[in-house]
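The values are calculated or read from the model by the stated rules, or taken from the named source; none is laboratory data. These numbers come from a predicted model, not from an experiment. Ideal geometry is used to build each Cβ from the backbone, glycine not excepted, and the neighbour counts take in all protein chains shown.
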């Protein structure tokens, strides 16, 4: 009995250990993606993603931009670009409605054709002898496969429609686009395919507004089960006029079907079919710049459409860009890929085709914020390695064997790495293979089995599908990768904070607006801070718009502040020096409300950069050149999303909006001279006005006037385009309107942001990770 109990206990222990081992092993395999859990949230089918990717390319690249260039400056502002997308959306919806009506007509024709074909088979109508489908050839009408009408090859698109930002979902179920599926149980699905195509298009429309117009004219009549062409399959259709019950022939049916096909094609609007020839029309020096805009993301930054950074829609959209670029590169064109939030300072083509990057297959930007290059060096970034955080928002890829291999391998990851975005995908691509350095170039090697996969890919790129993360990628040769100089393609930090473009004495290519708030308001306002946002003329001046601004007195930084080593000491200086500036800001904003003027945000001075993780010496780790204090971007102190969307404030006279402009507006070359030179300086009596150069008038008023008295004192300059306040702490004595006061104080509390962030060791000592910026009286 004793030995039996020992045996049972041992068995139990072994069983428990075995169970734990299996559980841990399964967890590790899942985490490392060697085992892929099933997903029901969206399709991983690469075909439909590539189709939508091609549609996005149509909207962003192959549109006639000139007709949307409202100000005639030969480039599109963000507003003009958005107008183009919205116009495409409206045209596409109209085209979709027209195509649906055409489909109904074709459906009727196909039904009639089927009846005629049945009559021919039954001997009721004798086929003529004038060519076309003879005799029993009409029997082919009964052999068509329903699903074939969805089997259009990638990029074989005749027309596209813009996606509805409220309803569209790119991740439609597989059965909408996949060959062999059927969304109809009607008997009509076997009579020429018209009903099948219509039902499939309807199902696609129910799932996703971003469909081809009526499935594309070629898709409506499709291909038959034996692989016959559209023209041959068109023999199954016709029109009512041609279907005379005493003389209908197969040729008449085919002719009528061809006419119906031509009608659909003639009615199709939007962008032309994506092809090598079409891209060639836009290429210069065999190179094309590509910007892909997803309206659900670009139009609302994902906030209004349930789309967020890193979710399935966002990730899928990033992979679609890679698919489109890969196709163009394999057609033999070099591609400059540029995200929509990139501003180019000069034509980048001479640089990318010049000596600086002539030794690479791909040159890609990075998230680095400082450069190791010598001053004045415009070449590739030094010291790049496999673990560099590259940024795929901007890259240049050549149509070389290495460039084609890199794009083929990277784009083929989308079927297995859909849970990642394209940038994480290229990290895994780079870091998962042998590499060596060759000067400033990182040479990526070929893994076992990839050459064979590359052969299969070359034979039929559209049919190549990677099923698991362990499957070889189609890479046939070594790939030479270089990093664009951090000072040549700047980001939102390096451009605004250390200002590397000035420090390095180079002619930078442009800036990619990363390292900024994710909201559209934050990103767009940062553009405005940097005078990079092309607003319409009325934004800068309008007949009934008057401005107010103020000079904020900021405390000086302690001696030697920029050489301090202790981060917490620097944080304390920042937290001490911001409240007195915000007190002045409170008064400036209050006076703007009292006078009902648009506030040009006064310049604040920051002594520590706000970030979402711990900084080093109040800078992003690696920043070697930033000097404090620096001009605060709006998002360093305020909440742009709240400011831009705050409802009207309450006053005793009714609601009133708080309106504002960026602090750099008066330095912006877009601002008319009449605004810049129409300034009146206002100071309290007893205070020195300071420098008065450029002011049309200097007005001294009694100090500490309350709301009504202040408005009366400033009445003589009510038509001044800009009023500038100095010594603002002594100018405004408070509100008379208590309704406005209560509303304004709630507003002042809501619009200020948190400063962030301290690290864990300091939090454990009782310090706050985030500190609220308080703007109060």
Worksheet item: Is there a residue in segment 649-662 that is surrounded by fewer than 17 Cβ atoms within 10 Å (Cβ to Cβ), in contact (Cβ under 8 Å) with a residue 60 or more places away in the chain, closer than 30 Å to residue 743 by Cα and in contact with a strand residue (DSSP E or B) (Cβ under 7 Å, 6 or more places away or on another chain)?
Response: yes
Worksheet entry | Members of segment 667-683 found to be in contact with a strand residue (DSSP E or B) (Cβ under 9 Å, 6 or more places away or on another chain), within 14 Å of residue 545 (Cβ to Cβ) and assigned to a helix (DSSP H, G or I), listed by number | 675
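A quick yes/no check of all residues on (1) assigned to a helix (DSSP H, G or I); (2) under 19 Å from residue 289 (Cα atoms); (3) within 21 Å of the chain's Cα centre (by Cα):
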{"site": "373", "(1), (2), (3)": "no, no, no"}
{"site": "378", "(1), (2), (3)": "no, no, no"}
{"site": "382", "(1), (2), (3)": "no, no, no"}
{"site": "403", "(1), (2), (3)": "yes, yes, no"}
{"site": "406", "(1), (2), (3)": "yes, yes, no"}
{"site": "414", "(1), (2), (3)": "yes, no, yes"}
{"site": "420", "(1), (2), (3)": "no, no, yes"}
{"site": "430", "(1), (2), (3)": "yes, no, no"}
Practice prompt. Please go through segment 757-777 and pick out each residue that is surrounded by 15 or more Cβ atoms within 10 Å (Cβ to Cβ) and either within 31 Å of the chain's Cα centre (by Cα) or under 27 Å from residue 747 (Cα atoms) (or both).
Written response: 757, 758, 771, 773, 775
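Table: residues versus (1) surrounded by fewer than 23 Cβ atoms within 10 Å (Cβ to Cβ); (2) closer than 30 Å to residue 569 by Cα.
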| position | (1), (2) |
| --- | --- |
| 480 | yes, no |
| 483 | no, no |
| 489 | no, no |
| 510 | yes, no |
| 519 | yes, no |
| 526 | no, yes |
| 540 | yes, no |
| 545 | yes, no |
Discussion item. Take the conditions closer than 26 Å to residue 343 by Cβ, in the same structural domain as residue 283 (by TED's automatic domain parsing), touching a helix residue (DSSP H, G or I) at 6+ places or on another chain (Cβ under 6 Å) and in contact (Cβ under 8 Å) with a residue 60 or more places away in the chain and apply them to residue 491. Does it pass?
Written reply: no
Fill in: Checklist (1) surrounded by fewer than 20 Cβ atoms within 10 Å (Cβ to Cβ); (2) at pLDDT below 95 applied to residue 400, failing item
(2)
Item to complete: Would you check if there is a residue in segment 701-708 being over 27 Å from the mean Cα position of the chain (by Cα), part of a helix (DSSP H, G or I) and touching a residue at least 12 places away in the same chain (Cβ under 8 Å)?
Response: yes
Practice prompt. Report whether or not residue 595 is within 24 Å of residue 527 (Cα to Cα) and in the same structural domain as residue 759 (by TED's automatic domain parsing).
Written response: no
Discussion item. So for segment 539-550 (the condition being under 26 Å from the mean Cα position of the chain (by Cα) and not in a loop (DSSP other than H, G, I, E, B)), does at least one residue qualify?
Written reply: yes
Response to the item:
Expected single match for touching a helix residue (DSSP H, G or I) at 6+ places or on another chain (Cβ under 6 Å), modelled with pLDDT of 95 or more, in the same structural domain as residue 475 (by TED's automatic domain parsing) and surrounded by fewer than 22 Cβ atoms within 10 Å (Cβ to Cβ) among 379, 332 is 379
Discussion item. Which count do you get for residues in segment 718-753 that are assigned to a strand (DSSP E or B) and exposed (fewer than 14 other Cβ atoms within 10 Å of the Cβ)?
Written reply: 1
Worksheet item: Name the residues in segment 444-471 that are more than 30 Å from the chain's Cα centre (by Cα) and closer than 20 Å to residue 361 by Cβ, would you?
Response: 445, 446, 447, 450, 451, 453, 454, 455, 458
